[in-house]
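Okay, structure first, notes after.
All of the numbers you see were taken from the coordinates with simple rules; none came from a lab. As the structure is a prediction and not an experimental result, all values here were calculated from the model. For neighbour counting, all protein chains shown are included, and Cβ atoms are generated from backbone atoms with ideal geometry for every residue, glycine included.
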Amino acid sequence: MNDYQSDTAFTEPVTPVPDPVIDVDTSESTTDSLGEEATRQVQIVWDKVSGLLGDLPDYVSVFFKRYRRPIVTVGLIIAAIIAVKLVLALLDAINDFPLLAPTFELIGLIYSGWFLYRYLLKASNRQELLGDIAAIRDQVLGKGQV
């Protein structure tokens, strides 16, 4: 004998269950009280929303005062990213002109050659360059000023 029974082997007669009858009172007093309740709930929600929107400038000013430095930092980072993308787009547009790319490369090579000749070829010129770099560093960092 099998450990399981077939679904067709045994069936119970199904008795229909009657649908529940719900008595709904449709009188004017019930409709009016439901309308008044809905109106009251809408008014409560409206009061909360208008109170929140009325206090919104205060919330924003407190938030900005509390998180001023991080907001400014994030803003500067976003501005820097946008600036870099704009510069890259501008350089890409300039690079698309036929003779401008080789011309800029030639100008860069000439300037690099001049810089090597002017500052890096002789020891005295290298010392002058290091002195200029130190002076600029002191100006930026604020050293040497009383």
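General observations
- When Rg and the Kirkwood Rh are both derived from Cα coordinates, the Rg/Rh ratio for the stretch 98-146 amounts to 1.23.
- Only Lys, Arg (+1) and Asp, Glu (-1) charged, at Cβ; the stretch 98-146 dipole about Cα centre in debye: 160
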